[in-house]
Amino acid sequence: MGYNIFKELWYFKKSFIFWFIPIAASPLPIYFGVAETDFYKEAACAYVVIIMAFYWMFEVVPLAVTALIPLILYPVMGVQPSGDVSKNYLKDTNVLFLGGLMVAVAIEHVNLHKRIALRVLLVVGSQPRWLMLGFMIATAFLSMWISNTATTAMMTPIGAAVLAELFKEEDEQAAKDDVMLKVRGESNGGLELETMDVEGQTHVYDSVEGENATKEQQQQEDEPELQGKQSSRRQSMQKGLMLCIAYAANIGGTATLTGTSPNLIVSEQMEILFPNSPGVDFATWFFFAAPGMVITLILAWLWLSTIFVGCRCAEDCACCGQKKRSGAEDVIRKAYDELGPISFAEGGVIFHFLLLVLLWFFRDLKFVDLGDRQAGWAYYFNRGYVTDATPAIIVSFALFMFPSKPPRFLCCRSKDVYHVGSDEEKPGPVPGLLDWPTVHTKMPWHIVLLLGGGFALADGVEKSGLSEWLGDQFSKLAGIEAWTICLIVCIGVAVFTEVASNVTATSIFIPILAKMAEGVCVNPYYLMVPAGIAASFAFMLPVATPPNAIVFSYGGIKVSDMVKTGFLMNLTSLLVLMVSINTLGVPIYNLNTFPDWAVCRSGALGAANSTINPTTMTTTL
């Protein structure tokens, strides 16, 4: 009876949380409001943060709907005017995200992403170990530019088709064995009828029947064991390949600023909380995160291939395994050939994609010292006017105008005569590489609201004074070495991301970490950038990220399988991240000094130009 009650309550957990959290946290603003203290705004903002954190964590309502709460509670509770809150929902970073997504939609629209993936698989071959590496390389590269969810959704059915060909012979043999078992069972039944018709052979029949039954029972016991060995081998490879796709999608998105939403949140929060800081642009993020991504990807491949493929040198050699697994390569080759030669539209998208990447890289080269002159094409315009969002929108706009087929004009017009029933098109304007119905259908609009809600939440934390109060509280941690704080922060974010979305984790933690950095007198980059990357290291649970959920439903993977492989993946990824921030991060983000655009609240630093020892990462005068 008690179990049924709890089971019924569990079905209504979202409704319970929806009402319980606002009521339970209500004493916070009520007490400080009645007392008429100067801390009311901070308390009201903390009340909103608590509600959004729980709503995001348990997905009481859709995540994008929860992101609209600041538009309601901030004005009503006197934290911020509605006009100021609304500005956060379409900031420069949102525009950058929209531009990047439009280019990603164009890549998907012309099937360029599928061509890239299949080409990589053809290069690496069809042997299981290298096939896993090929899937990981293709998935990680695509995740750098298009959404992790779209990449995983595309790669997963390709992986399933390749697996079917890899174990085609074993499946056929198992089917034959099943047929033979049925035939033997029918033969024994016929023998039984014939023996029963013969008089005086009852005793003989009983002994024969017993012998046949014993043999059949033994065969039935041996056969599942043989099939179990075959199926377990296939299941192991299937789990490994599917997890390779999911993990590579999570890892690949960390390499570029537009690769995943947490990266953009870090960039925008730097501008909100530290308006005088250099910020985070595409080039600096890539040069810091890409090497770590490559190392993490290689370690993930070694770990997954060891677990699910093992050391099978004899089967991986050409003389033993190539003939068996040629069918998988045939499937990949057939799928690639069906795409045909590179079309005019694919070439146009490739041109625009490369143009966008070059514009991003060379917009502002902060790490290039040219003396008094700044490096980058953006400095030919008014300083601060051109951001990474500008080239993203330029290229996106051009995709709607650039023709998807060679234009038919003047001398070519006479050739384009329309015939009924033919495949030829009527002469006239050629459609562009992108059209609005395609963008409207494939664009994840909810992410824009989700990002905006995080920015609005952080802006309220800053404007209400809650961030300053948090900074003062964290100043008590100034005696702890910075690398220890960074490690604890990354572990905490990675664990939190296992049960909540990475956007939720970064939206909640990044504003707090910014003030924590000021509280302990550590360069804010040292905590904020690793925390943003750690939010993508969610490998242990299916609910952690959409790629995990997709492969969980596709590959027959158990939660225990993900926990077992994901735990070491988390440790390895965090280790690589800690090494990266203490090596590459020092010159790229100038971590050996406490910046003058931040405020040290612990009093450990006596001047703005005080330094931080990059080897121990402890603050010194």
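Remark: pairs (first residue in segment 328-346, more than 22 Å from H109 (Cβ to Cβ); second residue assigned to a loop (DSSP other than H, G, I, E, B); Cβ separation under 6 Å; 6+ apart in sequence or on different chains) = A328/S126; E329/S126. Among the numbered conditions (1) in contact with an Asp or Glu (Cβ under 9 Å, 6 or more places away or on another chain); (2) part of a loop (DSSP other than H, G, I, E, B), the only one that G78 does not meet is (1). Can you find a residue in segment 156-164 that is of a type in the set (S, T, N, Q), touching a helix residue (DSSP H, G or I) at 6+ places or on another chain (Cβ under 7 Å), open to solvent by less than 20 Å² (accessible area, probe 1.4 Å) and modelled with pLDDT under 80? Among the residues of segment 156-164, not one is of a type in the set (S, T, N, Q), touching a helix residue (DSSP H, G or I) at 6+ places or on another chain (Cβ under 7 Å), open to solvent by less than 20 Å² (accessible area, probe 1.4 Å) and modelled with pLDDT under 80, which makes the answer no. For S553, the requirement of being of a type in the set (G, A, S) and open to solvent by 10 Å² or more (accessible area, probe 1.4 Å) is met. The condition of being free of Cβ contacts under 8 Å to residues at least 60 places away in the same chain and closer than 30 Å to S475 by Cβ holds for only one of V489, V520, that being V489.
Among the residues of segment 530-550, those identified as open to solvent by less than 40 Å² (accessible area, probe 1.4 Å) and of a type in the set (G, A, S) are A531, G532, A534, A535, S536, A538, A544. Filtering segment 378-412 to residues that are surrounded by 14 or more Cβ atoms within 10 Å (Cβ to Cβ), assigned to a helix (DSSP H, G or I) and at pLDDT 85 or above leaves A389, T390, P391, A392, I393, I394, V395, S396, A398, L399, F400.
Sort out which residues of segment 542-552 are within 19 Å of L297 (Cα to Cα) and either among the hydroxyl-bearing types (S, T, Y) or not in a helix (DSSP H, G or I) (or both), and write them in order of number. Residues satisfying the conditions are A544, T545. Selection of segment 47-63 for residues being open to solvent by 20 Å² or more (accessible area, probe 1.4 Å), modelled with pLDDT of 85 or more and over 16 Å from W19 (Cβ atoms) yields V49, P62.
The set of residues in segment 40-89 that are without any contact (Cβ under 8 Å) to a residue 60 or more places away in the chain, closer than 20 Å to W469 by Cα and of a type outside the set (S, T, Y) comprises A43, I50, I51, M77, G78. Checking the structure you have, find out if any residue of segment 83-105 is farther than 27 Å from F167 by Cβ, in contact with a Pro (Cβ under 6 Å, 6 or more places away or on another chain) and in a helix (DSSP H, G or I). Within segment 83-105, one or more residues are farther than 27 Å from F167 by Cβ, in contact with a Pro (Cβ under 6 Å, 6 or more places away or on another chain) and in a helix (DSSP H, G or I).
Taking first residues from segment 12-23 that are modelled with pLDDT under 90 and partners that are in a loop (DSSP other than H, G, I, E, B) and open to solvent by 80 Å² or more (accessible area, probe 1.4 Å), the Cβ contacts under 8 Å between residues at least 6 apart in sequence or on separate chains come to K14/E59.
Of all residues in segment 439-452, those satisfying the criterion of being under 21 Å from M154 (Cα atoms), assigned to a helix (DSSP H, G or I) and open to solvent by 20 Å² or more (accessible area, probe 1.4 Å) are H440, T441, K442, W445, H446, I447. When the residues of segment 573-594 are filtered to those that are touching a Ser or Thr at 6+ places or on another chain (Cβ under 7 Å) and at pLDDT 90 or above, the one that is least open to solvent (accessible area, probe 1.4 Å) is S573.
Would you mind stating whether A249 is assigned to a loop (DSSP other than H, G, I, E, B), modelled with pLDDT of 90 or more and buried (at least 18 other Cβ atoms within 10 Å of the Cβ)? No; evaluated as a whole, the condition is false for this residue.
Reported count of residues in segment 132-151, each being crowded, with 24+ Cβ neighbours inside 10 Å, part of a helix (DSSP H, G or I) and at pLDDT below 85, is 2. Taken together, the criteria place F509 among residues that are over 17 Å from the mean Cα position of the chain (by Cα), free of Cβ contacts under 8 Å to residues at least 60 places away in the same chain and surrounded by 22 or more Cβ atoms within 10 Å (Cβ to Cβ). Beta carbons closer than 9 Å, at least 6 apart along the sequence or on distinct chains, pair a first residue in segment 548-577 that is at positive phi with a second that is part of a helix (DSSP H, G or I) and open to solvent by 60 Å² or more (accessible area, probe 1.4 Å) for G556/Q235.
The values are calculated or read from the model by the stated rules, or taken from the named source; none is laboratory data. Worth saying up front: this structure is predicted, and the values here are computed from it rather than measured. Reconstructed Cβ throughout: ideal geometry from the backbone, glycine too, with neighbour counts over all protein chains shown. Accessible surface is based on the protein model in full, side chains and every heavy atom, while ligands, DNA and RNA are left aside. Shrake-Rupley method; radii C 1.70, N 1.55, O 1.52, S 1.80 Å.
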